[in-house]
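Let me begin by presenting the structure, written as structure tokens, before commenting on it.
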Amino acid sequence: MPALTGQLVVFGFASFVAIAFALLMVVQKTPVRSVLSLVVTFFGLSVLAILLAAPFIAALQIFVYAGAILVLFLFVIMLLNLKEEAADKDDRPVQRTLGLLVALGLGGLLAGATLRAPVPPRGSPVGGPIPMPDEIPALGRLLFSNYLLAFEVLSLLLLVAAVGALLLSKRRFE
Amino acid sequence: MTGVLPGVAPMAVPAGAFLVVATLLFAIGLAGALLKRNALSIFLSIELMMNAVNLLFLTYARMRGDLAGQMIVFFVIAVAAAEAAVGLAIFVALFRAHRTVDVDKIALLKW
Amino acid sequence: MNQLWLIPVLPLAGFLLNGLVALVSSSARAESESGADQPGAPLPYAQRLFHGIVGVGSVGLAAVLSFAALVPYVLGSMAAPEGLAPVVQTVYTWMAAGDYTVDVAFRLDALSALMLSFVTFVGTLIHVYSVGYMQKEEGYGRYFSYLNLFMFAMLTLVLANSLPLLFVGWEGVGLCSYLLIGYYYDKDFCAAAGKKAFIANRVGDFGMVLGIFGVFALFGTADFSFVELAKRHVLAGNAPLGVYAVCLLLFLGACGKSAQVPLFVWLPDAMAGPTPVSALIHAATMVTAGVYLVARCSALFVLAPDALTLVAWIGAGTAIFAATIGLAQNDIKKVLAYSTVSQLGYMFLACGVGAFGAGMFHVFTHAFFKACLFLGSGSVIMSMHHEQDMRKMGGLAARIPQTFRTMLVATLAIAGVFPLAGFFSKDMILGSAAASGHWALYAVGLFTAGLTAFYMFRLVSMTFFGTARGDAHAHEHAHESPATMTIPLWILAAFSVVAGLLGVPAALGGSDRIGRFLEASVAHPEIHEMSHGLEIGLMLLSLGVAVTGLVWAWRWYGRATGPVEAVSPQAHAFFEKTGSLGRLVANKWNVDEGIEALFLSPFRKIGTFLWRGFDALFIDGIANASAFLVELLGDLLRFFTTGHVRNYALAFTLGFAALVAYVWLR
Amino acid sequence: MSPALVAALEGAAKIAFVWGVVLGAVLPNLIWVERRMAGLIQDRPGPNRVGPFGLFQAIADILKMFMKEDVVPMYADRLLHTVAPLILLVPSMATFAVIPFGSSIHLFDRDIPLVIADVNIGILYVFALTSIGIYGLVLAGWASNNKFALMGGLRSSAQVISYELAMGIAAISVFLAAGSLRLTKVVEYQASGTFLGFLPLWNCFPQALGCMIFVVSAFAETNRLPFDLPEAEAELVAGYHTEYSAFRFGMFFMAEYLNLIAASAMMATLYFGGWSLPGIHPSGIFGGLFSIAVFAVKTGFFIFLFVWVRWTLPRFRFDQLMNLGWKVFLPLSLLNLVVTGALVLWGVI
């Protein structure tokens, strides 16, 4: 089935891009470039999301994450004029090696755990080809029924965060 | 209302592959968070970790064929927005006070 | 009459109005710097007029309304053979818990009608009297607002249709009593007296609250329909053990409010308040609330005859106990205070022998002559420039003739001289005690009647007869009180004469109207019939005892010419002869000291122990030890607290990894 | 041929058609139109030497840009400096993928919908791409290592983010009425009935306020006058592309025009019925072509409006711009949302 292999190819490419640019983000010394690498990673992730029948989330990922949150990062970086990370050597070698080991170890652990963990199937997905039918109305109905409380709390959280951010970044004149 | 994912084709890519990619990205983000010294870079790494988890949720949603996972991702993204706003505001305040965002030069979380 | 709720609400409105104006004006006066408005200076005339009109007007209007309500009721009730059914008026639902609700509902029946009549009437007179008595006082507005608040609470208490609402009024009058006793709050002993009253009442209220709970537990309701339920129990002839407990608990509350042994100690001290307050609250109305409560719950009490007997003995004991103390008091108001305690004992004695109607009758008559006596003493005190010691008075009869005459009438009434009010009510009590077969109680009551006559005439003699003692200057300037004070005196004196006619017993050709009227509301366990001959004989006996007391007092004190230290040589000699017993009586049986030794001092010691031994050593020790432990731990953990966020993140991640490993390998 | 291959071919053909028309026909002529219009409005001839009526002026301009020297400033971030114009250009080209440029056309026994990708997240897709475009502006300013450029970049991104909010909320009203994020559904909805009995059900009528906000915000989003603060010559030389020359500058130029065209197409689609015309529904191949023509005329009108406004209105001050966006448009767009919600609830639209 050519469509399926096509999906495989897309998956392979997208995950390669995501992982490669994620690595690049970590290795990168210039914060601006780190941000850009992460943006590319998000594009890869968003393609993966489309493969997972979540185009709405994919668009949201780009719209909110790449388009708003990371731009905010960029702004702050420019505001603070962070050209390059401090050139002096990392004077915490223990932290460095241990951190790397722990990250790798935990990554392996999690990979093993997630692969072993059984996922109770809710019902085998069936239906037409991708692009799939509209899932947005179903999401909307869920949002305003089962998740209404979470939604309202979230709106409150956003308000508080906005006020908090405003207060924190305000210059205080003595 | 049931939250069942509207009918989609069987997965062409094995779900395990998505899980592996997600954990890999999580591990990379974790390494970044532990190794970077610039507060902003650490924050970026945390964002990457959150997105890796998002991918995991999406995969499970696809595997189970319902929308709960996508819903959670929706909320995670919204919370991330709030978190970014406050976090970055804190960094700006921090930079004003210390002229640096190198976390190794700031040891205020003591006593 | 469906404006029952207006009766308590009117004084409440008066309280709010007076209180507000008083508050505003006092803060304004505190701010003003001008010399004319020195603190302590009386209020300007216009403001006094306002306070007086609002204070007297609201209560007077309530009185008019209540008479409009109760006159048709009383007439209808007298006409109907079984009496009229109670009028119950629900204002709104106060609280609802499950299917049980407490309404703010007012009830007009024979009992509350009787109380209502003299509470509003005497209350109005005392308000009028206060206008004259308090005119030189700084806190004129405050005084009237408190007095109005008291009227509101008392009327709520009287009209309440349920125990919880009655309790609101109960606490309300307690609060006002406290406020008014401590009216001169800048004097230490006044403030202390207020606290004493409040705390003694708390002991009683504790029982009262438990009693209300008990009633609810027994009958499933706390409004006065439980009386009907209790009556049915009488018919069924079975009284649960809980009834005893509830009766005793409610009686404990009544003891506190009505100053019975052992909770009577607060009432004499309460004389620290202004005299009209003593007249209204500590003689005529509030203190009778306990009797009212017992009468209200009479159907319950008759289920527990042993409890009733206890009530009778407590009452009798209080009566004679307080009367003996009254013999040796020199403060004019103190004598009246102990007299009040003694008379309240009489009332409980009546209730205890099952003659609730007689008890309430005595409440009714007592209100008039005791109010008259208190107001008269106030008039005396005022004319003597705030001198309360009778030893420094004497010979005032010519100086203040109106006060003298009214007080003399009231004294004869309380002494039980035929045909004044006290005679009928007191003899109804004594007769009931005798008729129920409690001859010992009768004897105590009779003896107390003699003592009453003695100490009351002693008071009159020391004050008005004989020669002027003490400050000659004060005597020369003694003058009669203004009309606002003498007119209430005359009215009360008149009622002291005629109030008893409501209850002329059958033996004297009357029909005991009040007793029949009250039958609808109070229980009457069994009817003891006495022959009219025996009844008249007993009456003559008590009259004889009373006259003996009067004559004795006249002999000892009537022409007393002794010095201030020993006014009457005979009395002095008598007390010398009785030695320690006499000293004991003169010292109020050392009750206060006894309470101090029995309760207060041990409690203080326990408190000190708990403070020094338990709190300081044990509790603080625990706190300090845990603090020390935490500090030790903190010193250990300080090593890990580098302050670097990356270390923390690493530790956090390690912990998380361990968790994942555990979950996986489990 | 397998269905997948047919679908792929069909998609490729549509992409070729759309980009061909946009890049090959509209874009060069737009340059000419703008310059000629400027001349007309400013009472001067405008370019009239190259070809008839100066029609080939655009080609000459493009050739000039290709041939000029490509300068990268010494302390610039070379990589980002190169990438920035591309980041700006690519999203603006990708926007066209979801805009339905006609109803459908019957060819080779198949109904071919005249839209490259009819995705269910249509409007969201457009906004996502718009928000990505910001990176181009910011990075161009940052990478140039020039304070004017940086200021321009920051300004433009602040401006775009601010107006994106009002624009997005205005657009929410549109798909609230249409009941779908899919742009084809939005157009079909507008073609489906009448408003108040005599007006076409174009969103510009029931949502006149939203339409106005969207149009004005689109001017701000595309950095066109009167909102071209980022490149305000008088203050910032040329804003974020101060340090760009030759073909890199050409890419910015191109991106601006592409954005303009895309914005015009979006306005036509969201508020003016897209390819539909009330009362006229021709069928067959002609029907498809007719709908394309209708869409082209509507889009063309808005392109003309852009040009017209540019040469007519003066520039805003930056604080005025921000005030307008946050204190006027944002509340008004919320009001529009509420009103539209009420209309939908009561079944008026």
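The table that follows gives values for the structure above.
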quantity	calculated
Helices (runs of 4 or more DSSP H) within segment A:19-117 that include 1 or more residues among the basic types (Lys, Arg), within 14 Å of chain D (Cβ to nearest Cβ) and crowded, with 24+ Cβ neighbours inside 10 Å	none
Some residue of segment C:164-185 being of a type in the set (S, T, N, Q) and farther than 30 Å from C:HIS385 by Cα	no
Condition met for C:GLY354 (part of a helix (DSSP H, G or I) and either touching a residue at least 12 places away in the same chain (Cβ under 8 Å) or not basic (Lys, Arg) (or both))	no
Number of the condition not met by B:SER45 [criteria: (1) at the interface with chain A (Cβ under 7 Å from one of its Cβ atoms); (2) out of contact with any Gly (no Cβ under 6 Å at 6 or more places or on another chain); (3) of a type in the set (S, T, N, Q)]	(2)
Count - residues of segment C:528-577 that are in a helix (DSSP H, G or I) and polar (S, T, N, Q)	3
Criterion: modelled with pLDDT under 90, surrounded by fewer than 22 Cβ atoms within 10 Å (Cβ to Cβ) and at positive phi - qualifying residue of C:GLY98, C:GLY76, C:GLY35	C:GLY98
Residue among D:VAL83, D:VAL98, D:VAL71 that alone is touching a residue at least 40 places away in the same chain (Cβ under 8 Å) and crowded, with 20+ Cβ neighbours inside 10 Å	D:VAL98
Cβ pairs under 6 Å, 6+ apart, first in segment B:69-90 and free of Cβ contacts under 8 Å to residues at least 24 places away in the same chain, second among the polar types (S, T, N, Q)	B:VAL73/B:ASN54; B:ALA89/A:SER169
Those residues of segment C:461-485 which are among the β-branched types (Val, Ile, Thr) and buried (at least 21 other Cβ atoms within 10 Å of the Cβ), in sequence order	C:THR463
Leading residue by the ranking (nearest to the chain's Cα centre (by Cα)) among those in segment D:280-293 that are free of Cβ contacts under 8 Å to residues at least 60 places away in the same chain and part of a helix (DSSP H, G or I)	D:ALA293
Residues being buried (at least 21 other Cβ atoms within 10 Å of the Cβ) and under 12 Å from the mean Cα position of the chain (by Cα) - total across segment C:182-203	3
Test set (1) within 14 Å of another protein chain (Cβ to nearest Cβ); (2) small (Gly, Ala, Ser); (3) within 30 Å of A:PHE56 (Cβ to Cβ) - D:GLY141 fails condition number	(3)
Residue pairs meeting the criteria (Cβ under 6 Å; at least 6 apart or on separate chains; first within 7 Å of chain A (Cβ to nearest Cβ), in segment B:16-38; second in a helix (DSSP H, G or I) and among the charged types (D, E, K, R))	B:ARG37/B:ASP104
Only one of C:PHE599, C:PHE656, C:PHE639 that is within 14 Å of chain B (Cβ to nearest Cβ) and surrounded by 11 or more Cβ atoms within 10 Å (Cβ to Cβ)	C:PHE656
Residue among D:LEU313, D:LEU324, D:LEU270, D:LEU258 that alone is in a helix (DSSP H, G or I), farther than 30 Å from D:HIS106 by Cα and at pLDDT 80 or above	D:LEU324
Test: residue in segment B:29-39 that is touching a Lys or Arg at 6+ places or on another chain (Cβ under 8 Å) and within 12 Å of A:ALA22 (Cα to Cα)	no
Flag for B:THR59 being outside any strand (DSSP E or B), over 20 Å from the mean Cα position of the chain (by Cα) and either more than 7 Å from chain A (Cβ to nearest Cβ) or touching a residue at least 40 places away in the same chain (Cβ under 8 Å) (or both)	no
Test: residue in segment B:92-108 that is more than 18 Å from A:ALA58 (Cβ to Cβ), touching a residue at least 12 places away in the same chain (Cβ under 8 Å) and acidic (Asp, Glu)	yes
Test set (1) over 24 Å from D:TYR244 (Cβ atoms); (2) assigned to a helix (DSSP H, G or I); (3) free of Cβ contacts under 8 Å to residues at least 40 places away in the same chain - D:ILE59 fails condition number	(1)
The listed residue being modelled with pLDDT of 85 or more, among the β-branched types (Val, Ile, Thr) and part of a helix (DSSP H, G or I), out of C:VAL246, C:VAL227	C:VAL246
Residue match in segment D:160-180 (condition: modelled with pLDDT under 85, buried (at least 24 other Cβ atoms within 10 Å of the Cβ), closer than 19 Å to D:LYS327 by Cα and in the same structural domain as D:GLN320 (by TED's automatic domain parsing))	yes
D:LEU277 being touching a residue at least 12 places away in the same chain (Cβ under 8 Å) and not in a helix (DSSP H, G or I)	yes
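The values are calculated or read from the model by the stated rules, or taken from the named source; none is laboratory data. Everything numeric in this text was worked out from a predicted model, so none of it was measured. FYI the Cβ positions are ideal-geometry reconstructions off the backbone, even for glycines, and counts take in every protein chain you see.
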